[in-house]
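Visitor: One structure follows; several queries about it will come next.
Rule-based calculations on the coordinates, nothing more; no lab input. Bear in mind the structure is a predicted one, so any value in this text is a computation, not a measurement. Counting neighbours? That spans all protein chains shown, and the Cβs are built from the backbone with ideal geometry, glycine included.
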Amino acid sequence: MINESIFREYDIRGNAETDLDEKTVTAIGQALAEMLREKGATTLAMGRDVRLTSPRISRTLSDTLLSSGISIIDIGTVPTPLLYYALFTLPVSAGAMITASHNPSPDNGIKLAIGRDTIYGRTILEIKNRAKALLSSPPHLLRSPGSPDRVSPVRRLHSGHSRALRTASTFRKPSPESRRRLRKRHGRPRCP
């Protein structure tokens, strides 16, 4: 049974273990896939935050979308704005970000976009209604993510954009040598 309170105005959020279990995420993924196919969307960019439950939710959602015929471009562990960047720069027609934003660590969630616009309000409610209908239907209609009819593995990043996304998603502190070169070129940074 789906906890209806996880469907918020602008995203889907709840306790990662009880509200976003595999069955619920699978139903949400199948409801999203139906909606994407109706709108002609075929490829989705997916990112996730650093919460410990994000890889599980991301994997379940990815597998469900793939088994429903939606291709995935996995942009990895990234901040939410990078997903929005991907919507404008990668050859995708939808996006999903696994994050609960500022909520406590036991929570997690899913922010969704169709085209370049995030979905909210009635569209979130439509996903809720479709997911509830799928869960109440006979079990064979709700395929598990490990079903043998899996379409394809996660696609690699589009080559023209992979460097920018790889750089943004693997940011690390500059080496001491790089910092010395920057100071020499630009001077020492001053704090106000």
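Visitor: Being over 25 Å from Leu52 (Cα atoms) and within 14 Å of the chain's Cα centre (by Cα): is that true of Val92 here?
Guide: Details: over 25 Å from Leu52 (Cα atoms): yes; within 14 Å of the chain's Cα centre (by Cα): yes.
Answer is yes for this residue.
Visitor: Just the residues that are under 16 Å from the mean Cα position of the chain (by Cα), farther than 11 Å from Ile57 by Cα and surrounded by 16 or more Cβ atoms within 10 Å (Cβ to Cβ), please, taken from segment 7-23.
Guide: Phe7, Asp11, Ile12, Arg13, Gly14
Visitor: Same structure, new question: Would you be able to tell me the number of residues in segment 18-55 that are under 11 Å from Asn108 (Cβ atoms), of a type in the set (Asp, Glu) and touching a Ser or Thr at 6+ places or on another chain (Cβ under 6 Å)?
Guide: Looking only at that region, the number is 1.
Visitor: Does Gly76 satisfy the condition of being in a strand (DSSP E or B), within 17 Å of Asp21 (Cα to Cα) and among the small types (Gly, Ala, Ser)? Break it down into steps so the answer makes sense when it comes.
Guide: Numbers: in a strand (DSSP E or B): yes; within 17 Å of Asp21 (Cα to Cα): no; among the small types (Gly, Ala, Ser): yes.
No: the conditions fail for Gly76.
Visitor: I would also like to ask the following. Here's a check for you: in segment 4-22, which residue that is among the aliphatic types (A, V, I, L, M) and part of a loop (DSSP other than H, G, I, E, B) is farthest from Ile114 (Cα to Cα)?
Guide: Narrowing segment 4-22 to residues among the aliphatic types (A, V, I, L, M): 6, 12, 16, 20.
Imposing the further condition that a residue be part of a loop (DSSP other than H, G, I, E, B) reduces the set to 16, 20.
Working: Ala16: 24, Leu20: 21 Å.
Only one residue fits best here, namely Ala16.
Visitor: Within segment 36-50, is there a residue that is outside any strand (DSSP E or B), out of contact with any Asp or Glu (no Cβ under 7 Å at 6 or more places or on another chain), more than 22 Å from Leu87 (Cβ to Cβ) and of a type outside the set (Lys, Arg)? If you could, list the steps in order and put the result at the bottom.
Guide: As a first pass, look at segment 36-50 and keep what is outside any strand (DSSP E or B): 36-42, 49-50.
Next, only the ones that are out of contact with any Asp or Glu (no Cβ under 7 Å at 6 or more places or on another chain) stay: 36-42, 49-50.
In the following step, the residues that additionally are more than 22 Å from Leu87 (Cβ to Cβ) were identified as none.
No: segment 36-50 contains no residue that is outside any strand (DSSP E or B), out of contact with any Asp or Glu (no Cβ under 7 Å at 6 or more places or on another chain), more than 22 Å from Leu87 (Cβ to Cβ) and of a type outside the set (Lys, Arg).
Visitor: Just to be sure before I move on: is Ala31 in contact (Cβ under 8 Å) with a residue 60 or more places away in the chain, among the small types (Gly, Ala, Ser) and in contact with a Lys or Arg (Cβ under 7 Å, 6 or more places away or on another chain) in the structure I sent? It would help to see each step written out before you state the result.
Guide: Numbers: in contact (Cβ under 8 Å) with a residue 60 or more places away in the chain: yes; among the small types (Gly, Ala, Ser): yes; in contact with a Lys or Arg (Cβ under 7 Å, 6 or more places away or on another chain): yes.
When the stated conditions are applied, Ala31 passes them.
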